[in-house]
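The values are calculated or read from the model by the stated rules, or taken from the named source; none is laboratory data. Small disclaimer: the values here were computed from a predicted structure and weren't measured. Note that we place each Cβ from the backbone using ideal geometry, even for glycine, and neighbour counts take in every protein chain shown. With ligands, DNA and RNA removed, areas are computed over all heavy atoms of the protein, side chains included. Shrake-Rupley method; radii C 1.70, N 1.55, O 1.52, S 1.80 Å.
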Amino acid sequence: MLVSLKELMKDAEKGGYAVGAFNVSNLESLMAIMQAAEETGCGVILNYAEVHAPFLSMEQAALIMLDAAKKAKVPVCVHLDHGSSMESCIQAIRLGFTSVMLDASAEDYETNVRETKEIVRLAHSVGVTVEAELGHIFSSDMGLAESPKEAETLESFDSAEDVYTDPATAKDFVERTGVDVLAIAFGTTHGIYTKKPKLDLERITKIKEAIDIPFVMHGGSGLSKEEFQTAIRNGIRKINYYTYMTLAGGRAVKEALDQKSPDENIFFHDIPMIAMEAMKENVKEAIQVFGMEV
Ligand SMILES: [Zn+2]
């Protein structure tokens, strides 16, 4: 069933777990996520990110994500990930998304407050949940043209305070904007981890003490089970996970093709299904870790 992010977050808060938010970049990733959700009996968040527009437009994504969400037995939220502007958020709301993220974290603080507050006012009037971001979540190779190959680290910046979310600022931001959930920076990276990340998991607790709302971990791929579970215990309720899922799909296709002899026929319709099965298993594992079922 189609639900808002707020509903999923309320249950996650009560149960002390996190809900996986997985990106839909094509039909196969949607199938993988939905089958994993149904087979584990857990609710999920379907993320659509504008960086995937070359593969799937927001309109196309809305049609297939909403259809899958409405037919599902488990609760499913349809969410705009990293909305690049107020206009993108409005477009998503109009298409039927039940949750939007406005990412104005690269803007100055007052602009981030002003724009988030405005989108919260508009979204709440139609029952849509809003996520915002505060601090800087690192980036590395995400397999997209514009993503950096080398992972950003703390050393890439002048000081930790420019990067990690500050508890007092988070409190001020949430109180002034009325945002429902907040993506916080504590050392995770979007894309592939080229070296072990230095996570400040205690920071989540400190932010939670300052402001008690559900927090979001971006760059959720590639951490250890223990790191995920400590982050969840400290207050993370939504985990964005995509890179290692799509890598699992790619790896499975490569292995299957490597096993073919040079003169063997390859039917293209088999290839997406190989990726789908591998992504499904990867998503199931993630759902189990985030649900603290170990
Ligand atoms: Zn992100």
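Data for the structure
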item	result
Looking only at the stretch 118-147, and only at residues there that are closer than 17 Å to residue 184 by Cα and among the aliphatic types (A, V, I, L, M), the one that is modelled with the lowest pLDDT	137
Pair list, Cβ < 8 Å and 6+ apart or interchain, from the stretch 59-78 residues that are within 18 Å of residue 93 (Cβ to Cβ) to residues that are in a strand (DSSP E or B) and aromatic (Phe, Trp, Tyr)	61/48; 62/48; 65/48; 78/48
Test: residue in the stretch 135-142 that is assigned to a strand (DSSP E or B), closer than 21 Å to residue 12 by Cβ and within 13 Å of the ligand (Cβ to nearest atom)	no
Any hit, the stretch 258-278, residues being touching a Ser or Thr at 6+ places or on another chain (Cβ under 9 Å), within 16 Å of the ligand (Cβ to nearest atom), among the hydrophobic types (A, V, I, L, M, F, W, C) and open to solvent by less than 30 Å² (accessible area, probe 1.4 Å)	no
Output for the stretch 267-292, where each listed residue is assigned to a helix (DSSP H, G or I) and either among the aliphatic types (A, V, I, L, M) or in contact with a His (Cβ under 9 Å, 6 or more places away or on another chain) (or both)	271, 273, 274, 275, 276, 278, 279, 283, 286, 287, 289
Checklist (1) hydrophobic (A, V, I, L, M, F, W, C); (2) crowded, with 21+ Cβ neighbours inside 10 Å; (3) farther than 27 Å from residue 132 by Cα applied to residue 245, failing item	(3)
Within the stretch 79-127, tally of residues that are away from the ligand (no atom under 16 Å from the Cβ), more than 17 Å from the chain's Cα centre (by Cα) and farther than 20 Å from residue 139 by Cβ	25
Single residue of 192, 239, 213, 232 found to be away from the ligand (no atom under 16 Å from the Cβ), under 18 Å from the mean Cα position of the chain (by Cα) and not in a helix (DSSP H, G or I)	213
Helices (runs of 4 or more DSSP H) completely within the stretch 1-117 that count 3 or more residues being open to solvent by less than 30 Å² (accessible area, probe 1.4 Å) and at pLDDT below 95	none
Lone unmet requirement of (1) in a loop (DSSP other than H, G, I, E, B); (2) buried (at least 19 other Cβ atoms within 10 Å of the Cβ) for residue 127	(2)
Residues satisfying the stated conditions in the stretch 30-76, i.e. in contact with a Leu (Cβ under 9 Å, 6 or more places away or on another chain), within 16 Å of the ligand (Cβ to nearest atom) and of a type in the set (A, V, I, L, M, F, W, C)	45, 46, 49, 51
Set 221, 159: member being away from the ligand (no atom under 14 Å from the Cβ), open to solvent by less than 50 Å² (accessible area, probe 1.4 Å) and at pLDDT below 80	159
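Each row is one residue, and each column tells you yes or no for (1) farther than 21 Å from residue 132 by Cα; (2) of a type outside the set (S, T, N, Q); (3) open to solvent by 30 Å² or more (accessible area, probe 1.4 Å).
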{"position": "189", "(1), (2), (3)": "no, no, no"}
{"position": "225", "(1), (2), (3)": "yes, yes, yes"}
{"position": "230", "(1), (2), (3)": "yes, no, yes"}
{"position": "241", "(1), (2), (3)": "no, yes, no"}
